[in-house]
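Enquirer: Pasting a structure here, questions to come.
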Amino acid sequence: MLDAQPTQTETVLEVNNIEVIYNHVILVLKGVSLTVPKGGITALLGGNGAGKTTTLKAISNLLRSERGEVTKGSIQYRGEKVQDLSPADLVTKGVIQVMEGRHCFEHLTVEENLLTGAYTRKAGRGDIDADLNMVYDYFPRLKERRKSQAGYTSGGEQQMVAIGRALMSRPETILLDEPSMGLAPQLVEQIFEIVKNLNENEGYTFLLAEQNTNVALRYAHYGYILESGRIVMDGPAAALRENPDVKEFYLGMSDEGRKSFRDVRSYRRRKRWLS
Ligand SMILES: Nc1ncnc2c1ncn2[C@@H]1O[C@H](COP(=O)(O)OP(=O)(O)OP(=O)(O)O)[C@@H](O)[C@H]1O
Ligand SMILES: [Mg+2]
């Protein structure tokens, strides 16, 4: 087991002023910097197309398959440049990404899906069984569904499979892309509770990308807000929750009543807080 308490001091991941270009021409990240402390939950927030997934893929070296490239800046994990590693090498360093859209192997059972997560390890069957039991402890639902074909399980169960599979690689840091996507509010809450428990009890470090600012800021320790490829604000989650601009444009809680997504979009064009 790793540290039981989040220390919030040691930085494990550092993204320094990165620029990402797709297809040699489309500039998507325009100088993004962020740091992820060991044992913390850090949220990367922002609307549709802000660049959250691109940032996570830049970190885990998944951009190449999308014709994307980090053209400036650097990414360090535990002080080591990791830009030139393959995604699999990065997994052996302890960093794993749970992709947006909860990718599962649909034709495999839930348990077989989980076991695929252990493929980068040289662990024996005993260790792997112990980890499988740990995953089942956190996700009792997956234990019930262990023999079901993953393609026939619900969206929430598939998200659990995707996270559980990542845990099977014995990571230190988990990059979690949009865990709330397409799930009913109650399930979203359930997934975030499990993330919180994993963080607190097992010491996993999380960097999670979320459009759902409200839920993310309730569970994260620190947040970064990304707009059109730039970080426009960052701070402790509690401070962001109280920030009037965040309340108005991301939490939909202003005095004038709830803002629609469209209002948020038109606001984005004005960029009041950037000027
Ligand atoms: N493979 C690609 N080729 C070209 N442009 C891309 C590619 N992938 C993403 N983009 C563009 O990069 C921008 C950022 O996309 P990204 O997927 O990182 O945003 P996001 O914040 O994750 O959004 P969402 O919340 O919708 O998942 C968008 O304008 C998107 O159209
Ligand atoms: Mg995304």
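Enquirer: Based on what the data block shows, is Lys38 basic (Lys, Arg), within 15 Å of ligand 1 (Cβ to nearest atom) and surrounded by 15 or more Cβ atoms within 10 Å (Cβ to Cβ)?
Expert: no
Enquirer: Sticking with this one: With the checklist (1) over 25 Å from Gln211 (Cβ atoms); (2) of a type in the set (Gly, Ala, Ser); (3) in the same structural domain as Val195 (by TED's automatic domain parsing); (4) touching a Lys or Arg at 6+ places or on another chain (Cβ under 7 Å) in hand, flag the one item Gly117 doesn't pass.
Expert: (3)
Enquirer: Mind listing whichever residues of the range 29-70 are among the β-branched types (Val, Ile, Thr) and either without any contact (Cβ under 8 Å) to a residue 24 or more places away in the chain or part of a strand (DSSP E or B) (or both)?
Expert: Val32, Thr35, Val36, Ile41, Thr42, Val70
Enquirer: Among the residues of the range 87-108, count how many are under 15 Å from Ile163 (Cα atoms), modelled with pLDDT of 90 or more and buried (at least 19 other Cβ atoms within 10 Å of the Cβ).
Expert: So the answer is 5.
Enquirer: So, in the range 179-238, how many residues would count as being within 12 Å of ligand 1 (Cβ to nearest atom) and either surrounded by fewer than 19 Cβ atoms within 10 Å (Cβ to Cβ) or without any contact (Cβ under 8 Å) to a residue 60 or more places away in the chain (or both)?
Expert: Here the count works out to 7.
Enquirer: Which residue is farthest from ligand 2 (Cβ to nearest atom), if the candidates are limited to the range 29-72 and must be among the hydroxyl-bearing types (Ser, Thr, Tyr) and farther than 28 Å from Ala238 by Cβ? Reasoning before the result, please.
Expert: Filtering the range 29-72 down to residues among the hydroxyl-bearing types (Ser, Thr, Tyr) leaves 33, 35, 42, 53-55, 60, 65, 71.
Imposing the further condition that a residue be farther than 28 Å from Ala238 by Cβ reduces the set to 60, 65, 71.
Working: Ser60: 13, Ser65: 16, Thr71: 20 Å.
Per the criteria, the residue is Thr71.
Enquirer: Between residues in the range 89-102 that are on the phi > 0 side of the Ramachandran plot and residues that are within 16 Å of ligand 1 (Cβ to nearest atom) and assigned to a loop (DSSP other than H, G, I, E, B), which pairs lie under 7 Å by C-beta distance while being six or more apart or on different chains?
Expert: Gly101/Met181
The values are calculated or read from the model by the stated rules, or taken from the named source; none is laboratory data. What you see is a predicted model, and the numbers here were worked out from it, not measured in a lab. Glycine also receives a Cβ, built like all others from the backbone with ideal geometry; neighbour counts cover every protein chain displayed.
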